[in-house]
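Down below is the structure, laid out as structure tokens.
The values are calculated or read from the model by the stated rules, or taken from the named source; none is laboratory data. As the structure is a prediction and not an experimental result, all values here were calculated from the model. Virtual Cβ from ideal backbone geometry, glycine too; neighbours counted across all protein chains shown. These area figures cover heavy atoms from the full protein model, side chains too; ligands, DNA and RNA do not enter into them. Shrake-Rupley method; radii C 1.70, N 1.55, O 1.52, S 1.80 Å.
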Amino acid sequence: MHMADMKDFGEMDVSDRGGKHDYHYDDAKHIPASPGLTPSQTVGPFFAYGLTPGAYGYPLEEIHTNNLVDDDMEGTRITIEGQVFDGTGSAVHDAVIELIQADHQGNYQSNTRNYAFAGFGRMGTGADGKEGDTRFVFNTIKPGITQEGGAPSITLIIFMRGLLNHCITRVYFEGDDLSSDPILSQVPEARRQTLIAKEITPNHYRFDIHMQGEKETVFFDI
Amino acid sequence: MRDIKRGRDWSQMLGQLFEDYKSSRIRSPQQPPVKLDGGWDNALSFAPKWPQLPDSDADLTINARVDGDPIGERIIVEGFIRDENGKPVPNALIEIWQANAAGRYIHKEELHPAPLDPNFTGAGRCISADDGSYRFITIKPGSYPWGNHRNAWRPAHIHFSIFGIGLAQRLVTQMYFPGDPTLPYDPIFNSTPDAEIRNRLISQFSMEDTVPEWAHCYKFDIVLAGQYATPFEEGHAHG
């Protein structure tokens with residue numbers, strides 16, 4: 001079992017599952033799957049060796065890392081770092097963050113013939129090897145504007161143990177003109193600041209994700 | 001093509017909080033997700049070119065071999081990735097991970113006192129073909145205990161991560177096995193309240209595709225939401 005599950009090992013009436021479980025299946029026969037959508041399940045605590053092996057020191061060759069740049073690429077180098085916080089204010093050490101963005105000209109990899117910049121990254125929190133370090137850190141370039149009136153921004157997808165369905169958010173950059181961004185303008189004004197990364201030092205940004213509470217990050221229904 | 005105004009099909013899900021699944025109490029968002037009336041950019045239709053993957057990436061019985069075969073029942077896990085209209089999803093990246101036959105994960109934080117298998121890591125990946133088909137060879141995982149409640153056991157399962165065409169087709173889920181007696185007791189499986197919907201996660205044993213003297217075959221078809229239309233053709237709306 002997982003270390004985090006061992007605290008608060010409460011008693012629970014196993015027979016009470018909050019409702020009837022009335023499904024039947026005959027495991028010896030072929031039952032065609034119903035045609036509807038496959039439901040989501042949590043990513044669980046043990047994704048690292050499958051999804052983010054390199055960062056955790058596992059042997060599988062990594063498809064995607066947290067480093068989206070090499071020396072040949074055009075655009076301003078930036079770093080985005082942050083932590084994910086649960087409802088108690090504790091940093092989550094087993095979340096997976098995926099990043100999707102356009103290149104410095106505002107083109108996504110799938111819409112441009114220039115595949116030099118993949119625009120996709122992935123990292124687990126708690127991966128940096130340092131004891132207690134629960135940050136995610138992405139090394140990338142500042143994306144260009146991707147639509148009229150838009151401000152430069154990056155899409156993040158968040159998965160973790162305890163999350164039944166993944167969450168999607170969008171990162172904006174302090175100092176940019178955000179006044180006419182088509183996405184941000186649909187977010188309730190009081191919550192917009194949860195989507196704005198702070199510039200700590202030039203081109204080094206901090207973006208924390210809060211799953212609950214007063215500072216709960218805006219997530220989108222996509 | 002779907003309209004972004006639809007959002008996700010929440011009618012098929014519980015939502016984000018299921019009290020019985022303890023860690024969801026402090027990790028699930030409490031605000032409803034913001035529904036958009038258009039305005040999203042081409043991140044919606046993002047479909048990267050995945051790198052070419054070696055065949056061995058999809059065979060978990062050989063991709064971590066050290067000095068012998070992994071222990072346990074060899075199984076084929078295969079199926080089709082389609083959207084809700086029956087259209088195949090080609091070029092989808094499918095990544096799987098699982099425990100070994102004893103129900104032990106190699107993850108460093110795993111504490112279950114079941115043996116590790118030196119010839120098995122339990123991670124694999126492949127890319128769906130033009131007809132949406134995929135195929136893995138692996139070992140049937142064991143059930144394993146966890147601390148959600150007293151005597152809690154996860155049913156035997158294989159984790160799946162699918163990256164199809166665009167954000168609508170990003171899915172992380174788990175595949176279960178028919179006849180598993182622990183399924184009625186698992187809060188994660190039961191977080192989907194409708195039995196007919198959660199039963200879609202149970203693979204089907206296929207005698208026809210079981211290979212004699214070699215491996216049982218389990219079928220697991222995955223149905224993704226229809227992809228969103230690409231908001232802007234050929235780059236961005238910059239005139």
query = Does B:LYS5 satisfy the condition of being at pLDDT below 85 and more than 7 Å from chain A (Cβ to nearest Cβ)?
reply = yes
note = When the range A:46-90 is checked residue by residue, the ones that are at the interface with chain B (Cβ under 10 Å from one of its Cβ atoms) and among the aliphatic types (A, V, I, L, M) are A:ALA48, A:LEU51, A:LEU60, A:ILE63, A:VAL84
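Give the residue that is farthest from the other protein chains (Cβ to nearest Cβ), with candidates limited to residues of the range B:22-51 that are in a helix (DSSP H, G or I) and farther than 19 Å from B:LEU171 by Cα. Spell out the reasoning first.
Of all residues in the range B:22-51, those in a helix (DSSP H, G or I) come to B:24-27, B:42-45.
So of that shortlist, the ones also farther than 19 Å from B:LEU171 by Cα come out as B:25-26.
On the way: B:ARG25: 7, B:ILE26: 4 Å.
Restricting to residues being in a helix (DSSP H, G or I) and farther than 19 Å from B:LEU171 by Cα, the top hit is B:ARG25.
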request  = Say whether the condition of being within 7 Å of chain A (Cβ to nearest Cβ), touching a Phe, Trp or Tyr at 6+ places or on another chain (Cβ under 6 Å) and either part of a loop (DSSP other than H, G, I, E, B) or open to solvent by less than 40 Å² (accessible area, probe 1.4 Å) (or both) is met by at least one residue in the range B:14-21.
outcome  = no
note = When the range B:1-13 is checked residue by residue, the ones that are open to solvent by less than 40 Å² (accessible area, probe 1.4 Å), part of a loop (DSSP other than H, G, I, E, B) and charged (D, E, K, R) are B:ARG8
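Within the range B:52-70, can you find the residues that are within 19 Å of A:GLY50 (Cα to Cα), in a loop (DSSP other than H, G, I, E, B) and not β-branched (Val, Ile, Thr)?
The initial filter retains those residues of the range B:52-70 that are within 19 Å of A:GLY50 (Cα to Cα), namely B:52-66, B:70.
When the remaining residues are screened for being in a loop (DSSP other than H, G, I, E, B), the result is B:52-54, B:60-66, B:70.
Correct list: B:GLN52, B:LEU53, B:PRO54, B:LEU60, B:ASN63, B:ALA64, B:ARG65, B:PRO70.
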inquiry  = I'm checking my understanding of the structure. Among residues of the range B:90-124 that are among the aliphatic types (A, V, I, L, M) and within 16 Å of B:ARG74 (Cβ to Cβ), which one is farthest from the other protein chains (Cβ to nearest Cβ)?
reply    = B:ALA101
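Under the condition of being among the acidic types (Asp, Glu) and open to solvent by 70 Å² or more (accessible area, probe 1.4 Å), which residue from the range A:187-216 is nearest to the other protein chains (Cβ to nearest Cβ)? Working first, answer last.
If we filter the range A:187-216 for residues that are among the acidic types (Asp, Glu), which is where we start, we get A:189, A:199, A:208, A:214, A:216.
After this cut, where a residue has to be open to solvent by 70 Å² or more (accessible area, probe 1.4 Å) as well, the list is A:189, A:199, A:214.
Numbers: A:GLU189: 12, A:GLU199: 22, A:GLU214: 11 Å.
The qualifying residue nearest to the other protein chains (Cβ to nearest Cβ) is A:GLU214.
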note = B:GLY86: passes all of (1) open to solvent by 20 Å² or more (accessible area, probe 1.4 Å); (2) more than 9 Å from chain A (Cβ to nearest Cβ) but (2)
message = Which of the numbered conditions does B:THR61 fail, given that it passes all the others? Conditions: (1) modelled with pLDDT of 95 or more; (2) within 22 Å of B:PRO155 (Cα to Cα); (3) open to solvent by less than 40 Å² (accessible area, probe 1.4 Å); (4) out of contact with any Pro (no Cβ under 8 Å at 6 or more places or on another chain).
response = (4)
